[in-house]
Amino acid sequence: MLTHYVGWELPAQPSDNITWFRLYRKKYFGSDDGKTNITTEDFDAVLGDSIAVTDIPAAMFAKDLIAAYPDAKVILNIRPDLDAWYQSTISTFCGNIVPRSHRLLSYFDAELFWFFHGFLTTMFREFYHGSFEKNGKWVGEEHIAMVKGLMPKDKLLEWKVEDGWEPLCEFLEKDVPQTPFPKGNTVNDLGNRLAVLHWKRLARAKRNATVVGASIVGLAATVLYYTLQ
């Protein structure tokens, strides 16, 4: 079935975290044969039958995706207020929305680990040259300029959310929906959705942490007992 791959739903697809991380390793460090170019087959392994892809981590591979799918159209989401976008990202993906305790617990569950440490603290940080707080704005501007430079005008739409359905549908040659253009993904929305996605993993991590902690205490008690004999 044809689908739309929405990158920010990555926490719901644990195996994809690993696949994207492998693509990141190939892009920045090369594969075993030394090649760094990411092929259509590489992307197909994670995008499957998707007819569209949005958001991160795909945006981190914009140049590679454009080369892998030369016939694709690109919609470049322009933010009129760069400062507002910057502050929004600071409040979400830079960690303020995720309690530090969750990051600690991620070491006790593989799915949480790959999301936090494979994506958030490795890929996301690498894309912004070590720090979104320091480099977010200029990297964003550079990214927009790069996409504009790579795409022919007839396959590129510069669009902002305030533009609504009409330019999108005209560009994609689709009918304009009768429903209002959706609004959402506020800081609270994202936090609530992450909580729903992660609650089972967090519960599993807490259980594993408890087992590990109890085992360490038991082992220490045993060692102490025999030491004092």
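The values are calculated or read from the model by the stated rules, or taken from the named source; none is laboratory data. It should be emphasised that the depicted structure is a prediction, and the values quoted were computed from it without experimental measurement. Every residue, glycine as well, gets a Cβ built from its backbone with ideal geometry; the counts of neighbours run over all protein chains shown. The accessibility values were calculated without ligands, DNA or RNA, using every heavy atom of the protein model including side chains. Shrake-Rupley method; radii C 1.70, N 1.55, O 1.52, S 1.80 Å.
Quick rundown of the values:
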quantity	calculated
Portion, in percent, of the accessible area of the stretch 19-97 that falls on carbon or sulfur, probe 1.4 Å	49 percent
Inter-label distance for Lys200 and Asp163, nm, one decimal - labels placed 7 Å from Cα along Cα-to-Cβ	3.9 nm
Asn77-Lys35 FRET efficiency (beta carbon distance; Förster radius 25 Å; 0.05 resolution)	0.25
Under 15 Å from Lys134, Cα to Cα: aspartates and glutamates that are on another chain or at least 8 residues apart	Asp83, Glu126, Glu142
Added length on full extension, which subtracts the Cα-Cα distance from 0.36 nm per residue, Thr227 to Trp138	26.1 nm
Theoretical gain in end-to-end length, Tyr28 to Glu126 [0.36 nm per residue, Cα-Cα removed]	34.4 nm
Solvent-accessible area per residue for the stretch 26-69 (1.4 angstrom probe, square angstrom)	55 Å²
